[in-house]
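The values are calculated or read from the model by the stated rules, or taken from the named source; none is laboratory data. Bear in mind that the values here come from a model prediction, so they are computed numbers and not experimental data. Heads up, the Cβs are rebuilt from the backbone with ideal geometry, glycines too, and the neighbour counts pull from every protein chain shown. Keep in mind that these areas ignore ligands, DNA and RNA; they rest on the heavy atoms of the full protein, side chains included. Shrake-Rupley method; radii C 1.70, N 1.55, O 1.52, S 1.80 Å.
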Amino acid sequence: MFDFKTHFSTVLKGLEAEGRYRHFKTLERPVGRFPQATIHHKNGYKQNVTVWCSNDYLGMSHNPKVIAAMQSAAAAHGSGAGGTRNIAGTTSEMVELESLMAIHHGKEAALVFTSGYTANEGALGVLGKLLPNAIVFSDTLNHASMISGMRIGGCEKRIFPHNDIDALRAGLQAQPVNRPKIVAIESVYSMEGDISPLKDIVKLAKEYGALVYLDEVHAVGMYGPHGAGVAEREGVMADIDVIEGTFGKAYGVVGGYVAGNREVVDAIRSFASSFIFTTALPPAVLAAAATSVTHLRESNTEREAQRRVVNYLKKRFAETDMPYLKGESHIVPLVVGDAHCVKAVTDTLLEHYNIYVQPINYPTVPKGTERLRLTATARHSEADVDALVDALQELWSTHAIGHQQRA
């Protein structure tokens, strides 16, 4: 008989030998202390750390208004949704949030999913299946959830080099005029820290009659006068056919959504398995998300504070010779280039400097480009930045990181 336990043990040992086995820490994030947190070690020791890898970019998960909205809705409506929307019904909080997100992105309708992953998977899967003989043009660095959605959709796919307008143009030109074409991209690429040339891509897609699908998960709440994303900042939001976003990053809650014209959103609602067969988000989560979005539509305080910290972090890195990626966004990747080495760096940061960062390995990034993905938030201080950069400089100079990898 097949020895399942031994097989999986061998697989996991292989992962560990490559330096890619993921070790999770038990992390406690007390309200009011972020980005400070406490790690609970197995021996009972509690270690206070500064977190440098959170997507809670604006600290909204600890915003008093957001917390109060969640508590109030839970007290009024309970802790759960009772099932899928097709079975258990749709709550008033869901209707209000979907209406808000449609307005937020200047669209006719919006649909809330349980996560950004299921939103991408469901929406792109439906578009690929329902559009006859469709072809999708996908940036080579698109997120795994987008790739999964395209795979579910089953239509032809062409991958173009990252942010390469000329390659995208050549691909679109080669297709018949009347063939349904989808251009699927992200606005902020979180592992590179760069931003897509959105205006140029939108203009090109419209020239060739392609539908534009834009993932804004790392941009919503962060960019534009109302925090609606890079498309709002660049003035092209009206030209994006489907915008996908999340409540789980800058908005500090959980859940994902898509927004677009009424017919497209209704088709996604009617055919997406990741929507139809998944328990709906509870009213407490929906109320918290709506409160966070509404707050950031009106307030620039958090965005301005976060930009100041990001600018200071990039200024400090510019004074060093460390190989950080000089992207336009709020995310600062620092390339180490080896799975074992990047884990050693993060372990040392934790053990000797009380700095918590998770290593980024393959398959999230290509082998040989393993990195730290550093995220300055609105609640980090300049002292936090100095402590991080000084620690990294000490590691780079003491251990010749990078020189070892090039050799």
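Of LEU374, VAL345, THR364, which is farthest on the positive side of the dipole of region 326-407, counting Cα position, with +1 on Lys and Arg Cβ, -1 on Asp and Glu Cβ, and the Cα centre as origin? Most positive-ward Cα: THR364. Each principal axis of the Cα cloud of the chain was evaluated for its coordinate range; sorted largest first, these ranges are 60, 59, 55 Å. Considering only the Cα atoms of region 116-205, their convex hull presents on average a projected area of 5.4 nm². Centre-to-centre, using Cα atoms only, region 110-129 and region 1-53 are separated by 29 Å. With 10 Å bins beginning at zero, the pair-distance distribution over Cα atoms of region 37-147 amounts to 10, 24, 33, 22, 9, 1 %. Excluding same-chain neighbours fewer than eight residues apart, the lysines reachable from LYS65 by a Cα-Cα span under 22 Å are LYS249.
How much of the accessible area of region 74-144, in percent, comes from carbon and sulfur atoms when a 1.4 Å probe is used? Result for region 74-144: 56 percent of the exposed heavy-atom area is carbon or sulfur. Note on LYS314: aspartates and glutamates with a C-alpha under 20 Å away, same-chain residues under 8 apart excluded, are ASP56, GLU192, ASP194, GLU302, GLU304, GLU328, GLU370, GLU382, ASP384, ASP386, ASP390, GLU394. With kT/(6 pi eta Rh) evaluated at 25 °C and eta = 0.890 mPa s, and Rh the Kirkwood radius from Cα pairs, region 181-316 diffuses with a coefficient of 152 µm²/s according to Stokes-Einstein. Over the chain, accessible surface divided per residue gives 45 Å², non-protein components excluded, 1.4 Å probe. Apolar share of the accessible surface for region 146-210: 51 percent from carbon plus sulfur atoms, 1.4 Å probe.
For region 1-73, state which chymotrypsin sites (Phe, Trp or Tyr not before Pro) are in a DSSP loop and have at most 13 other beta carbons lying within 10 Å of their beta carbon. Listed in order of number, the matching sites are PHE2, PHE24, TYR45.
Ligands, DNA and RNA left out, the 1.4 Å accessible surface of region 279-363 is 49% carbon and sulfur atoms. Straight Cα distances below 20 angstrom link LYS107 to the lysines LYS199, LYS203, LYS206, with same-chain residues fewer than 8 positions distant left out. Histogrammed with a bin width of 10 Å, the alpha carbon distances of region 22-62 distribute as 28, 53, 18, 1 percent, first bin at zero.
Counting alpha carbon pairs within less than 8 Å and at least 6 residues apart, what relative contact order, in whole percent, applies to the chain? Contact order relative to length: 21 percent. Once both labels are positioned 7 Å from their Cα atoms along Cα-to-Cβ, the gap between ALA305 and GLU394 label points is 2.8 nm. Using label points projected 7 Å from each Cα along Cα→Cβ, tell me how many nm separate HIS162 and THR10, to one decimal. Going from the HIS162 label point to the THR10 one covers 3.5 nm.
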